[in-house]
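Have a look at the structure below before the remarks.
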Number of protein chains: 2
Amino acid sequence: VKRRAQVVGLGLVGSSIAGALRTRGWYLTGSDLEAARAGRAAELGVVDAVGTDTMAEIAFVATPASAVVPAVLDLIAGSELAELIVTDVAGVKGPIVSELSHPRFVAGHPMAGSEQEGPDGADPELFVGATWVLTPTDETDPSAFTALQSVIASLGADVVALSPDRHDELVAVISHVPHLTSATLMSLAGESPVDHAALMRLAAGGFRDMTRIAAGSPAIWPDICRDNAGAIVPVLDRLIVQLTEVRRIVADGDRSALSSLLERARSARQNLPPRGVRPVAVAELRVVVPDRPGVLAEVTTLAGELGVNIYDLEIAHSAEGPRGVLVLVVDAALAEAVVTPLRARGFRVSWRTAS
Amino acid sequence: VKRRAQVVGLGLVGSSIAGALRTRGWYLTGSDLEAARAGRAAELGVVDAVGTDTMAEIAFVATPASAVVPAVLDLIAGSELAELIVTDVAGVKGPIVSELSHPRFVAGHPMAGSEQEGPDGADPELFVGATWVLTPTDETDPSAFTALQSVIASLGADVVALSPDRHDELVAVISHVPHLTSATLMSLAGESPVDHAALMRLAAGGFRDMTRIAAGSPAIWPDICRDNAGAIVPVLDRLIVQLTEVRRIVADGDRSALSSLLERARSARQNLPPRGVRPVAVAELRVVVPDRPGVLAEVTTLAGELGVNIYDLEIAHSAEGPRGVLVLVVDAALAEAVVTPLRARGFRVSWRTAS
């Protein structure tokens, strides 16, 4: 019997999730407000059926951000399974998580995309090697989190746990402001009608790279900017301050300040972790956790803030009473970096490298 | 007998030019202030010999910008050939061209690069499909220009002629300011020590694309910023003004202004001419040119400002007296766009599509 999943919203990400699960043996039901898009997804074999599967064990809400909360509530209300797990893929997590708290809803954000759109752009391998953020909270049911982690890992993605607010601050720096800057640079280059053709002819690799994300669909950005304005505005302020300093450096011919900026940037760029490269060795951490809410979120988001992916996650129940053991599989090279602060917070942790 | 070329400066671009010519049957002599680098180029077969070939018919100066003028003068003084053609590859053309005017020196700028360095990074196919700007002036010997155009075209590059100042304004928009912005974004992301690891872990494709150029060697940038400060500073000013407006848009939740910015950027990005795609049809333009200085620069840079590449160029001497005929091969779809302004400037032009 195939495992059953539901995808609500068959844009690029929803269709890619559907396709990825279906490729891996799941039975997929998909829905979209646009009937034609759902029909196209079925035609392409991205989903098995169009509609709502009340027997699905997991549901991915891949609608625009403003539609996530009602969609999640509908799914939970309509499901025949008490164990239904629901997640979403919206780019900003704070507003959703603060509006909707439910033990079986674990908000998420796959850090992958493409310039393609809809079911026709679906790529079942889109998430291979990608980082997929999950934002567990004190309310999160640990078994829902571990089950979701395992499904996401099966798509090839690396799960990182972060608190919703921390996620939103980080994506402002790493995604939202770069996107707005890319669009601004492109629009700057595009606004000179006289030299336009010559300008575009000169656009070499660097400019093409920097403006590639500006080619994507703008549809999601008004919601992202509304939902994450609180994090985006301060980052834009810092960017403007720094560019003003760069302007001064160039105007003054301040060679040493320029070299130091460029060296700093180069070294940060070269230290970007390689995408999707699995560690040569992993370690299994066993954390004894008291049976109280929020422990799962505390342990996993602590790892996330340290930049540590969770490659596998399991909850073993302890024979010693009302406690469990959280088993996390992480990069062996980073294990101590996680163990030390966990112990500092009073957790009993043992670990060993695993093969 | 092999044609002979000289390359001065065996960094990435110089080595790639040497390798590209050598692959295409030339005999290459190379030199570099760092003897070890020149030796490495010989060892790798990027050049045939280390030193200076006084019998070379063409010399490429690929030194740092500040060393270009003396290197060009040395080459011209030391050559045994009156017909020696010299060009350079510096990223800013105005200061060099205003300092050094010589009929056989045609300044240039190949719009190609990579994050590699030196002879080990040499790629003989680096220029295939790339735009290579040449900046002829009133002094330029037309036969030097046409010969250089033909050698560059043989490396697979598309020649665009621009005046030195126009080149510098355009690269400020398309290259220098994007580079400085990329470094600023990278440094912004790199400066948060606490969340650094988590931040870097989230860096998905868009951020990697936008910061790729920041990974390149910073060595050339202090010279570029000094030499082109006059064009870079106003573009930085416009960028800062526009980002300040973006900040307002986000802070105010001005959805329509945001959508319009992103749509404008998307449409400009989608209209970038595809890199290195040759036109389906070319046209041969025959321009009757009076025998006076500067005509070649006038005609070719007019095409360049219209974003028109010169795929081939020849000077046919007319039997009718002190005039010549400049034969330009350009994209047939753009031929009229060039012919009309040429005629408006009083040139006699005929053209036909060629197969």
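Things to note:
- Helices (runs of 4 or more DSSP H) (entirely within region A:215-287) containing at least 1 residues that are more than 7 Å from every other protein chain (Cβ to nearest Cβ), within 18 Å of B:G206 (Cβ to Cβ) and of a type outside the set (D, E, K, R): A:221-227, A:229-252
- Among residues that are crowded, with 24+ Cβ neighbours inside 10 Å and among the polar types (S, T, N, Q), B:S163 is not included.
- Consider region B:158-186 and keep the residues that are in a helix (DSSP H, G or I) and small (G, A, S). The one that is nearest to the other protein chains (Cβ to nearest Cβ) is B:A183.
- The residue pairs whose first member lies in region B:212-239 and is surrounded by fewer than 24 Cβ atoms within 10 Å (Cβ to Cβ), whose second member is outside any helix (DSSP H, G or I) and hydroxyl-bearing (S, T, Y), and whose beta carbons are closer than 9 Å, counting only pairs six or more residues apart or on different chains, are B:G216/B:S114.
So that you can scan it fast, the table gives a plain yes or no per residue for (1) of a type in the set (A, V, I, L, M); (2) at pLDDT 95 or above; (3) under 25 Å from B:I174 (Cβ atoms):
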residue	(1), (2), (3)
A:D209	no, no, yes
A:A215	yes, no, yes
A:I224	yes, no, no
A:L239	yes, yes, yes
A:A251	yes, yes, yes
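- Meeting the requirement of 2 or more residues that are within 19 Å of B:P164 (Cα to Cα) and either in contact with a strand residue (DSSP E or B) (Cβ under 7 Å, 6 or more places away or on another chain) or of a type outside the set (A, V, I, L, M, F, W, C) (or both), the strands (runs of 3 or more DSSP E) wholly within region B:1-114 are B:58-61, B:85-88, B:107-110.
- Exclusive hit being farther than 16 Å from A:L162 by Cα, surrounded by 12 or more Cβ atoms within 10 Å (Cβ to Cβ) and without any contact (Cβ under 8 Å) to a residue 12 or more places away in the chain, set A:R343, A:R348: A:R343
- Pair list, Cβ < 9 Å and 6+ apart or interchain, from region B:243-261 residues that are farther than 19 Å from A:I213 by Cα to residues that are modelled with pLDDT of 95 or more and surrounded by fewer than 14 Cβ atoms within 10 Å (Cβ to Cβ): B:D254/B:R248
- Here the condition is being of a type in the set (A, V, I, L, M), over 30 Å from B:R269 (Cα atoms) and within 14 Å of chain B (Cβ to nearest Cβ); of A:L155, A:L134, it holds for A:L134 alone.
- Qualifying residue in region B:301-308 (condition: exposed (fewer than 14 other Cβ atoms within 10 Å of the Cβ) and hydroxyl-bearing (S, T, Y)): no
- Residues in region A:49-98 that are of a type outside the set (A, V, I, L, M, F, W, C) and touching a Lys or Arg at 6+ places or on another chain (Cβ under 7 Å): A:D53, A:E57.
- Which listed residue, of A:E191, A:E117, is within 30 Å of B:T300 (Cα to Cα) and more than 7 Å from chain B (Cβ to nearest Cβ): A:E191
- Any hit, region B:334-350, residues being basic (K, R) and either assigned to a loop (DSSP other than H, G, I, E, B) or at positive phi (or both): yes
- Filter result (of a type outside the set (D, E) and in a loop (DSSP other than H, G, I, E, B)) within region A:125-140: A:L126, A:F127, A:V128, A:G129, A:A130, A:P136, A:T137, A:T140
- Here region B:178-211 is the region considered, the condition is being under 25 Å from B:A67 (Cβ atoms) and aliphatic (A, V, I, L, M), and the residue that is surrounded by the fewest Cβ atoms within 10 Å (Cβ to Cβ) is B:A183.
- Criterion: farther than 12 Å from B:V68 by Cβ, at pLDDT 95 or above and among the polar types (S, T, N, Q) - qualifying residue of B:T135, B:T131: B:T135
The values are calculated or read from the model by the stated rules, or taken from the named source; none is laboratory data. Note that this is a predicted model, so its numbers are computed, not measured. Don't worry about glycine lacking a Cβ; one is built from the backbone with ideal geometry, like all the others, and counts go over all protein chains shown.
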